[in-house]
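Before any comments, here is the structure.
The values are calculated or read from the model by the stated rules, or taken from the named source; none is laboratory data. As the structure is a computational prediction, the values presented were derived from the model and not from experiment. Cβ atoms come from the backbone with ideal geometry, glycine included; neighbour counts cover every protein chain shown. Remember, those area values only see protein heavy atoms, side chains included, never the ligands or the DNA or RNA. Shrake-Rupley method; radii C 1.70, N 1.55, O 1.52, S 1.80 Å.
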Amino acid sequence: SQKIEQNSEALNIQEGKTATLTCNYTNYSPAYLQWYRQDPGRGPVFLLLIRENEKEKRKERLKVTFDTTLKQSLFHITASQPADSATYLCALTRGGATNKLIFGTGTLLAVQP
Amino acid sequence: GAGVSQSPSNKVTEKGKDVELRCDPISGHTALYWYRQRLGQGLEFLIYFQGNSAPDKSGLPSDRFSAERTGESVSTLTIQRTQQEDSAVYLCASSLERGGSYEQYFGPGTRLTVT
């Protein structure tokens, strides 16, 4: 069956360091992959989308890589800040007739001042 | 502009009662999605509406769940004869899905508690 795995344990890092979050998937051929941020009690907020034919995407302090051979995406936050503390969700979609997202369970990031 | 809104924000109901949850998508967004998030878990896809196409209902967990959407506007998710395992946050999202724009914009969710 399709499976999306993210670091199940919380990631604790010091302010100013680079946070790297991992998303691995099996039995799936996504057309594109998205990363969302979710704060407690709120809906997810879109961050970045990367397509299957793209290797890397950047937006300000954020960078996403996508390796369809390894079936893995890495999400980096450089110069991390305490305000970056949240749960980060990886989501895949096949595209085509339906763009429904299949979500991972998320990784909780805590940036210590 | 206004984002996705959902109502009610919280709903407590007794087991066996029916509930109706509402979603107002962003104006102009052709696609609308419902997801469910149980405590400490990831989001589960429930149903997807895209324009006038037949909805993708493949994620609905049982025939107690149904959803409707009028054109490209409001959607309602109905759960009949609620069970305790239906307790979760129900999230609605909308998406433009034109010109390569596939990101989804989520509402704040409705927290449903079945007692």
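Let me spell out the model: positive unit charges on the Cβ of Lys and Arg, negative unit charges on the Cβ of Asp and Glu, origin at the Cα centre of the stretch A:40-113. What dipole size does that give, in debye rounded to 20?
Numbers: 11 positive and 6 negative charges, 32 e Å.
Charge dipole, the stretch A:40-113, about its Cα centre: 160 debye, nearest 20.
What the pair-distance distribution of the stretch A:51-113 shows, using all Cα-Cα distances binned every 5 Å from zero, is 4, 14, 21, 24, 20, 11, 5, 2, 0, 0 percent. When the Cα convex hull of chain B is projected onto planes of every orientation, the mean area is 7.0 nm². Proximity of backbone amide H atoms, modeled 1.01 Å from N, is registered between B:HIS29 and no other residue at under 5 Å, excluding neighbours fewer than 5 places apart on the same chain. Compared with the rule-of-thumb size 2.2 N^0.38 Å for a compact globular protein, the stretch A:3-82 has a Cα radius of gyration ratio of 1.12. Just to confirm my numbers, what's the Cα centroid distance between the stretch A:21-62 and the stretch B:32-83 in Å? Rounded to whole Å, the Cα centres lie 23 Å apart.
In this structure the protein assembly as shown gives 49 Å² per residue of accessible area when probed at 1.4 Å with all protein chains present. For the protein assembly as shown, count the residues as N, evaluate 2.2 N^0.38 Å, and divide the Cα radius of gyration by that value, please. That ratio works out to 1.02. Distance between the C-alpha centres of the stretch A:64-85 and the stretch A:1-16: 10 Å, rounded to the whole angstrom.
Residues of the stretch B:4-47 whose accessible area, computed with a 1.4 Å probe over protein heavy atoms, drops by at least 50 Å² once all protein chains are present relative to their chain alone are B:LEU43. Summing Cβ point charges (Lys, Arg +1; Asp, Glu -1) relative to the Cα centre of the protein assembly as shown gives a dipole of roughly 100 debye. Among A:LYS17/A:LYS59; A:LYS3/B:LYS57; A:LYS3/A:LYS100; A:LYS17/A:LYS63; A:LYS57/B:LYS57, which pairs are too far apart, with a Cα-Cα distance over 23 Å? Listed pairs above 23 Å: A:LYS57/B:LYS57. Working note: Karplus 6.51/-1.76/1.60 with θ = phi - 60° gives the stretch A:24-31 the couplings 10, 9, 9, 6, 8, 10, x, 7 Hz, where Gly and Pro are set to x. Be a star and scan the stretch B:14-54 for residues whose amide nitrogen sits under 19 Å from the point 7 Å along the Cα-to-Cβ vector of A:GLU5. Output list for this probe position: B:41-43. Buried between A and B is an accessible area of approximately 1500 Å², summed over both sides with a 1.4 Å probe. Solvent-accessible area assigned to carbon and sulfur over chain B amounts to 44 percent, based on a 1.4 Å probe.
Please give the direction-averaged projected area of the C-alpha convex hull for the stretch B:48-115, in square nanometres with one decimal.
Working: hull surface 21.1 nm².
Mean projected area of the Cα convex hull: 5.3 nm².
Couplings 3J(HN,Hα) for the stretch B:13-29, derived from phi with the Karplus relation 6.51 cos²θ - 1.76 cosθ + 1.60 (θ = phi - 60°), are 9, 8, 3, x, 7, 8, 10, 10, 10, 10, 9, 10, x, 5, 4, x, 7 Hz, where x marks Gly and Pro. Residues whose amide H falls under 5 Å from that of A:LEU11, counting only those 5 or more places apart or on a different chain, are A:LEU108, A:LEU109, A:ALA110, with hydrogens built in the peptide plane. The phi torsions of the stretch A:106-113, fed into the Karplus equation with coefficients 6.51, -1.76 and 1.60 and a -60° offset, translate into couplings of x, 10, 7, 9, 10, 9, 8, x Hz, rounded to whole numbers, with Gly and Pro shown as x.
Accessible surface of chain A, 1.4 Å probe: 48 percent of it comes from carbon and sulfur atoms.
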